[in-house]
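Working notes for the structure below.
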Amino acid sequence: MESMIAKRERLNCNTGQSKQITLNSWPATKKRIPMTVHCGNKRAKSEKKGNAKQLLARKKNPSNRQKLNKDFEFLEDEKIPQAKRHCNGIAKTATLDEEELDEWEEEAIVFMNMKDRRKSRNFESVMVERRPKEITRKLSDHIVTSLSDSSSFSSSSSSGSPVSHLESDFSSTDRCKKNKVKDKRKYVKCHQCMTEERTIVPCMKCKEKVYCINCIRQWYPNIPKEEIAKQCPFCCRNCNCSICLHSSGLIKTSKRDITYQEKIKHLKYLIESMLPFLKQICKMQKQEIEIEAEIQELLPSAVDIPQTLCYSDERIYCNHCATSIFDLHRSCPNCAYELCLHCCQEIREGRLSSCDEVAYEYRNRGYDYVHAGDPLPGSYLNETAKDRTKQSIQWKANNDGSVTCPPREMNGCGDCRLELKCIFPVGWISDLAAKAGEMLRACRIRQGILKHKCAVTGRDTLHHRVSREGTNDNCLHSPTSYDIQKEDLSHFQMKWAKGEPVIVRNALANSTGLSWEPMVMWRALCETEDLHTSLEMSEVRAIDCLACCEVGINTYQFFKGYMEGRSYHNFWPEMLKLKDWPPSNNFEDLLPRHYDEFIRILPFQEYTDPRSGILNLAVKLPPGVLKPDLGPKTYIAYGISQELGRGDSVTKLHYDLSDAVNILTHTADVALGEEQLAAIEKLKMKHKAQDAKEKLERDREDKHPINEGRKGITDQNQYSDNNIDDVGARNSGHSKNTGGALWDIFRREDVPKLEAYLRKHSKEFRHIYCSPVERVIHPIHDQSFYLTMEHKRKLKEEFGVEPWTFEQNLGEAVFIPAGCPHQVRNLKSCTKVAVDFVSPQSIKECLRLTEEFRQLPKNHRAREDKLEINKMIIYGVERAIRELSDLISTPN
């Protein structure tokens, strides 16, 4: 790995600039279980990809730099354009000479041999056996030991000594040449790189592991050699060698054990919170059964409902609204068209939404336009609104309440009546609700936990985050990781039930010190035994924040830019980000050691633990049932403290599927030079001129007076000049002590006003290809907006809405309640790890978001019901009853 990095650095020095290398001989196959929604019956089954692909021959790319409009294209699934990624611009390729290609071929060989090297390490590590007395006699107290100069090592290197095992390469030829072996210098293998080194640091605690100086400097730069000599990284459980990074169970992930009384209290609260929603499900199903009884002219108890066949690894979706079907539904016996109960009710009431597909019109105006230049004439996307415009078909129910299968234009057959079917046995959910009520009465349930008045201890944990008038929620609960270990969950639950964010400071204090540097995680992925995973790590698909498009870039070049920064040819900072990395649902399998470390540092593990959180509904699904991908996931992105206005490293305004916790695990401060700062200011003036010109054009098209348009532009530009000063004043001047990321979280009750503001000012924002936003489907679910300081000021003036705004520092965990829109801007290069969870307090908001997803167009990125909150409620109640019953029946 070190040789690979060194070669790449030499390559960059020889060429004089960074070059993007596409290794066509390294094919990448993503190994995941995709959940696809078919047009026919919306059944998504897990599919495994295990067929190995042969390595393709390397091809040279002699093409020169191309314009943006030729390189960008759309991804079919996410509607995110992708582009060829190159170093000093959005569309720039490089031609390598034969010598440089040879160097890259050598690096390919290094990647191919990583698996063999790991096997060799496992074999050789078993052969090494050291006894404390021998090691004490052999190793001196010096931190840096030279084995060749140590007489103690030379005198004790007998055939049965550990050194002889280290020295031997298990070759019969070498064993026969004893005279030559005696003349050779004696070396000890470094535990990190497993190479024989003379300059090492031995561990005085375990007296077995040694680390070479080179590995200490490269992989443990923040740990002094003296500390490693006292207690090595292996003893501290933060070793990041290949074997340790691929090992699990080395540390204890749970910070405390839950007592018997606490388990009973949590389970009672869980049942009490979910029971009202379970009764709503029963009520809707009862109404549908009564309608079916009227259709068949029978009593409700006499209605025979056939049970549909549904496998445990299968999801059934409504063909119209894409909502997950969990039990009762209607199905066509002819074409297997399936309809959820919500759509059946809307059809009978005559208010069924069309959910027709819509086109997203973003104009590809060329590379120069992105950098405030002139647009390319006639450069548009192939997909237009006219292409997908369909005449809406009205779908009505019959007089008796039955529903006929929709016509072929709506993917149905139009011939048969939809039959009522079930997934669970008939009456099972209603019996479950009755059992839940009996269990609560048996436990002598009192008022809910949240209805008790909890003493607000530690008022110093409240930090002022906003200055809203007439409210008492301007301060956020911000305890330290040490504080939450001493108190119970009552304070957190009180704030969480109100929908307020919570910030836990210094969450990394509970870690073992394992490195979260991106290069360490990348090395672990490259050295995995899975060949395809190793090969696909050579290149990543990143998001270019300026053009909001997906680009390909060499992984090493991406992480180098993370530490040092990148820029376009005009010195404008190039902001790239990796979302949901590594690109697989199996974070635990790919990075097991980091997974355990992340679980260990999670605050409030009763809610957040994705494996065993007692108050996390997401873990209540039984084994074998498909579970939503709630993480953890890593987000790696560039960032600078200065707000650019365009191309900032941001996560745009959005909702999460459910509750979420985000921990900042690593930062890198990238400084901008004087020449670059001057170039940025000049480009900002060009951006303002471009905005003014386009606003005048829009005013002419909308038949507005030009003078009013110019006045609005003048006012906007006047504030933009002061924008950086306002940001600096509010965020400590963006000094060296600034945090890693700037958060804006909005209250749930402010969502209607926030949506109204975004619809009113939508054309003032830019999205894909840096083009103005032309169409708004849903202001928040579209994820097309980021509110700068200017827009936040106008939002407060026009609608009286102000978010909680704060900086996330290294090691802080931010808890975001479900239903709270939020946005993030990186002030430094940041590595964040986030995981979603479903708390009992947020069930109502999760159901509201699911209902909003149903109303979105069919081709919208956020339409699919990935959470399946109704299924979680059913299984959550069933499991909570079973666990509570076991606890009560078990003697103390």
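If Leu630 passes every condition in (1) crowded, with 19+ Cβ neighbours inside 10 Å; (2) of a type in the set (A, V, I, L, M); (3) in a helix (DSSP H, G or I) but one, which one does it miss?
Result: Leu630 passes all but (3).
Out of all the residues in the stretch 838-864, which are acidic (Asp, Glu) and in contact with a Gly (Cβ under 7 Å, 6 or more places away or on another chain)?
Passing the criteria: only Glu845.
Taking Asn737 as meeting all but one of (1) modelled with pLDDT of 50 or more; (2) under 29 Å from Arg566 (Cβ atoms); (3) assigned to a helix (DSSP H, G or I), write down the number of the exception.
Evaluating Asn737 over (1) modelled with pLDDT of 50 or more; (2) under 29 Å from Arg566 (Cβ atoms); (3) assigned to a helix (DSSP H, G or I) leaves (3) as the failure.
Need the failing condition index for Ala229 against (1) under 30 Å from Ala880 (Cβ atoms); (2) in a helix (DSSP H, G or I), just the number.
(1)
Among strands (runs of 3 or more DSSP E) lying entirely in the stretch 381-492, which contain 2 or more residues that are modelled with pLDDT of 85 or more and touching a helix residue (DSSP H, G or I) at 6+ places or on another chain (Cβ under 7 Å)? Before you say what the answer is, go through the steps one by one.
On the way: elements: 419-421, 462-464, 475-477.
Output list is empty.
Which number in (1) in contact with a helix residue (DSSP H, G or I) (Cβ under 6 Å, 6 or more places away or on another chain); (2) more than 29 Å from Leu602 (Cα to Cα); (3) buried (at least 17 other Cβ atoms within 10 Å of the Cβ) marks the one condition that Glu208 misses?
(1)
Look through Glu764, Glu774, Glu755 and report the one residue that is under 30 Å from Ile503 (Cβ atoms) and modelled with pLDDT of 50 or more. Give the derivation first.
Numbers: Glu764 fails: under 30 Å from Ile503 (Cβ atoms); Glu774 fails: under 30 Å from Ile503 (Cβ atoms).
Answer to the check: Glu755.
From the set of residues in the stretch 181-193 that are over 17 Å from Arg217 (Cβ atoms) and not β-branched (Val, Ile, Thr), which is modelled with the highest pLDDT? Steps first, please.
Taking the stretch 181-193 first, the residues over 17 Å from Arg217 (Cβ atoms) are 181-189.
With not β-branched (Val, Ile, Thr) added as a condition, the list becomes 182-187, 189.
On the way: Lys182: 42, Asp183: 42, Lys184: 42, Arg185: 43, Lys186: 54, Tyr187: 65, Lys189: 86.
In this case the residue turns out to be Lys189.
Out of all the residues in the stretch 821-829, is one or more among the charged types (D, E, K, R), over 22 Å from Ala497 (Cα atoms) and touching a Phe, Trp or Tyr at 6+ places or on another chain (Cβ under 8 Å)?
Residues of the stretch 821-829 that are among the charged types (D, E, K, R), as a first pass: 825, 828.
So of that shortlist, the ones also over 22 Å from Ala497 (Cα atoms) come out as 825, 828.
From what's left, touching a Phe, Trp or Tyr at 6+ places or on another chain (Cβ under 8 Å): 825.
Yes; the residues of the stretch 821-829 include at least one that is among the charged types (D, E, K, R), over 22 Å from Ala497 (Cα atoms) and touching a Phe, Trp or Tyr at 6+ places or on another chain (Cβ under 8 Å).
For every residue, the table says whether it meets (1) small (Gly, Ala, Ser); (2) surrounded by fewer than 16 Cβ atoms within 10 Å (Cβ to Cβ); (3) more than 30 Å from Asp886 (Cβ to Cβ).
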residue: Cys239; (1), (2), (3): no, no, yes
residue: Gly249; (1), (2), (3): yes, yes, no
residue: Arg256; (1), (2), (3): no, yes, no
residue: Leu278; (1), (2), (3): no, no, no
residue: Glu288; (1), (2), (3): no, no, yes
residue: Ile291; (1), (2), (3): no, no, yes
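Looking at the stretch 571-625, which of the residues that are among the hydroxyl-bearing types (Ser, Thr, Tyr) and surrounded by fewer than 22 Cβ atoms within 10 Å (Cβ to Cβ) is modelled with the lowest pLDDT? I'd like the intermediate steps shown before the answer.
Residues of the stretch 571-625 that are among the hydroxyl-bearing types (Ser, Thr, Tyr), as a first pass: 584, 595, 607-608, 612.
From what's left, surrounded by fewer than 22 Cβ atoms within 10 Å (Cβ to Cβ): 584, 595, 612.
Details: Ser584: 67, Tyr595: 90, Ser612: 88.
Here the residue is Ser584.
The values are calculated or read from the model by the stated rules, or taken from the named source; none is laboratory data. The structure presented is a predicted model; accordingly, all values stated were derived computationally and were not measured. Here the Cβ is made from the backbone with ideal geometry for all residues, glycine too, and neighbour counts use every protein chain on show.
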